Amino acid sequence: MEALRAKVSCEAVLEQAGYEIDLKESTRRAVKYRCGGNIVIVTHDGRGWFDPLSDEKGDVFGLAMFLEGVPFPSATEAVASLVGYQLSRPEWRSSRSCVRPEDIVDRWRSRPTPSPGSGAWRYLCRARWIPTAIAGQAVREGVLREGPFRSMWAAHVDSEGRVVGWEERGPDWRGFATGGSKVLFRFGPSDAFRICVTEAAIDAMSLAALEGPREQTLYLSTGGGWSPATDAALAKLAARSGLTLVAATDANSQGDVYAERLRALAEASSCDWQRLRPPAEDWNEVLQNREREKRERKTGGNNEACRMRAGRIKGGTARHAPALDPAGHEAGSAEGVMKD
């Protein structure tokens, strides 16, 4: 499955289905395809897609199911038949080579820091329910900036602490710094002996909020990717004596693939290792579920409503707590990582 995802682009599926690219309205990171009145936007370098006219989105298999109305086994066969398919459009030209590192730093420094009431602050603390204490700490650590249109920028820094890119998230936008490099978003003490690796900066801050104050935990984000620079930075961190490496990636197939990479890294570095699996799709969803239930409890109501809420909360507590995989399943130590 992962091999097919890597070999077959969503664009290939769309071309095969008769969709045509709209070059005038496409960019390297958001490629628009049309077929009559239907529109599909391809993202993540051809690995993801969404329908702007509905809530449909997913990976290459979901796209095949969406276009043809077929079940998953048939979609898998359709995707497998496109291995080696050559797109008719020319390759996008990358602009990374002409972007100087100092230009990235200047663009970062030119943006203001979020503050209570600003667009990025409202997005983080109201739309994504990041606690103000966590947002304030991230601002003090210098890893957040105000982006345009109420978005926030979350810095990716290299092993020397230099800003080399940033995750961009907002109500109507999701992307990465043009010309920037994905390495690691870092939140917490640099000398920590416990490192939690997530897939998004918002997930890193959400997990920090769920776990509560921890003086010796560094929360990281790979920005939804895994570049050679990311791998090198993680290997350097994992080489620290007495370290525990925690795979806090999403609860889906991609998150499990990243967790396996982290387990292999832990084995190579002889450090302790754990898989911390969110009880929802990702850590921000877990945080929002917890905060939503807190607000429900505060609303009061009649005795019956209170009793019913209490029942839901009692039964739902485990849903919102970070969940370590069972002992012997995906855990390890310096003496050797235990196999599944």
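What follows is calculated from the coordinates using simple rules that are stated; it is not laboratory data. Please read all numbers here as calculations on a predicted model, not as lab measurements. Here Cβ is always computed from backbone atoms with ideal geometry, including for glycine, and neighbour counts include all displayed protein chains.
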Amide H contacts under 5 Å for A192, placed H, 5+ residues apart: none
Where trypsin sites (Lys or Arg not before Pro) fall in DSSP loop in segment 144-193, at most 16 other Cβ within 10 Å: R162
A251-A127 FRET efficiency (beta carbon distance; Förster radius 25 Å; 0.05 resolution): 0.70
Residue-by-residue Karplus 3J(HN,Hα) for segment 200-210, coefficients 6.51, -1.76, 1.60, Hz, glycine and proline x: 8, 4, 5, 5, 4, 5, 5, 5, 4, 5, 5
Taking all pairs of distinct alpha-carbon atoms in the chain, Kirkwood radius in angstrom: 21.8 Å
Loop sites in segment 11-65: GluC sites (Glu not before Pro), DSSP, at most 16 other Cβ within 10 Å: E56
Simple label model, 7 Å out from Cα along Cβ direction - E102 to E56, nm: 5.0 nm
Between segment 108-143 and segment 218-273, the Cα center-to-center distance that results, in Å: 26 Å
In segment 214-243, the trypsin sites (Lys or Arg not before Pro) that fall in loop regions by DSSP, at most 16 other Cβ within 10 Å: R214, R240
